[in-house]
Amino acid sequence: MVKPVKKAIFPVAGMGTRFLPATKAMPKEMLPVVDKPLIQYAVEEARDAGIDEIIFVTGRGKAVLLDHFDHSFELEQILRERGKDDALNGLLEVMPRPGQISSTRQQQPLGLGHAVWCARHFINDEPFAVLLADDLIMAEPGCLAQMMEVYGRTGGNVVAAEDVPREFTNRYGILDIIEDDGTLARAQGLVEKPDPKDAPSTLSIIGRYILQPEVFGHLDKQDRGAGGEVQLTDAMARTIGDIPFHGLRFKGRRFDCGSKLGFVEATIAFALERDDLGDDVRHMLKNYV
Ligand code: G1P
């Protein structure tokens, strides 16, 4: 029996420089796809996968992310008075229970590994998930829920994975595969953002992780890797041998909402899926293409 995963870390301290000026005074995780901020998609996916404790690793100017998951009494009162029950219920549905959400700060932008390490005291000796909100995943069941199912069988560390064109390996953590059944791949190593010519495969890590607490032992060393940053990929790689490492080619579509094109595509794809908008959006798009 593997230990259940009840805690999830959301690293949300990034500066969002690729989305300036939109992100000058607003966190990139608050950018809405249709009408819901990226962070809310990720939090909902985590909850649907059985996550109970939400930990945000924030930075300067990110307070609004925590406000988003708190009551807005004035707004709720007005919606109630005006009989806008759907809007009100939509807000109340995402409200965490008291104490279910915590936050800590990453005071310096030293990399994803450092961000995750900043949350170590919330995790202690338990397995945990990490979700990167700018990887938006449209899937049913959700990507993390699919990973939990696999984790129940494999244990160890499990990441979401996707095959990418070889010219893009330098944007991702890449698996060095030793066993692969086409859905689940076991890795014997990992490389962060390798040049296409050096990449051991084209199977890339997407921003969903189930990790064992042993990874903190490696993050403690704060070794710098690709880009001079403390890389989560390097710390995970060092656990291989002690802990099995699998990449799951999840069923669903992933949108890289850290890029403008990915963000536009996500907006269109999610709008097309909506009962209240899909037909109108499909009709409207015909005027443009
Ligand atoms: C991070 C990780 C990388 C992973 C990617 C997924 O990179 O370091 O291993 O493949 O997320 O989105 P970043 O996108 O923060 O540069």
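The values are calculated or read from the model by the stated rules, or taken from the named source; none is laboratory data. The shown structure was predicted, so the numbers you read here are calculated from the model rather than taken from an experiment. Reconstructed Cβ throughout: ideal geometry from the backbone, glycine too, with neighbour counts over all protein chains shown. Accessible surface is based on the protein model in full, side chains and every heavy atom, while ligands, DNA and RNA are left aside. Shrake-Rupley method; radii C 1.70, N 1.55, O 1.52, S 1.80 Å.
Here are a few things to note about the model shown:
- Placing unit charges on each Cβ (+1 for Lys and Arg, -1 for Asp and Glu) gives the chain a dipole about its Cα centre, and among G50, A199, G90 the Cα reaching farthest toward its positive end belongs to A199.
- The GluC sites (Glu not before Pro) found in segment 1-103 include none that occupy coil by DSSP while having at most 13 further C-beta atoms within 10 Å.
- When Rg and the Kirkwood Rh are both derived from Cα coordinates, the Rg/Rh ratio for segment 1-148 amounts to 0.97.
- Gain upon complete extension [K251, H71; 0.36 nm per residue less C-alpha separation]: 61.4 nm
- Relative contact order of the chain, pairs being alpha-carbon contacts under 8 Å that are 6 or more residues apart, as %: 22
- Tail beyond 18 Å, pair distance distribution of segment 158-247 (Cα, percent): 40
- Burial order of peptide ranges 262-268, 206-212 (average beta-carbon count within 10 Å, highest first): 206-212, 262-268
- Residue-normalised accessible area of the chain, expressed per residue, 1.4 Å probe, Å²: 51
- Heavy-atom accessible surface of segment 166-289: percent carbon and sulfur, 1.4 Å: 49
- Only the Cβ atoms of Lys and Arg (+1) and of Asp and Glu (-1) were treated as charged; on that basis the dipole of the chain about its Cα centre amounts to roughly 620 debye.
- Longest to shortest principal axis, alpha-carbon extents of segment 63-202, angstrom: 61, 35, 32
- Evaluated at q = 0.10, 0.13, 0.21, 0.25 Å⁻¹, a Debye calculation over the C-alpha positions of segment 209-289 (equal weights, vacuum) places log10 I(q)/I(0) at -0.48, -0.66, -1.00, -1.17.
- Divide the volume of the convex hull around the Cα atoms of segment 106-149 by the residue count and you get 85 Å³ per residue.
- More than 35 Å apart - percent of Cα-Cα pairs taken over the chain: 17
- Segment 8-54 - percent of accessible surface contributed by carbon and sulfur, probe 1.4 Å: 55
- Most simply put, the chain has about 60% antiparallel DSSP beta bridges, counting only bridges with both residues inside it.
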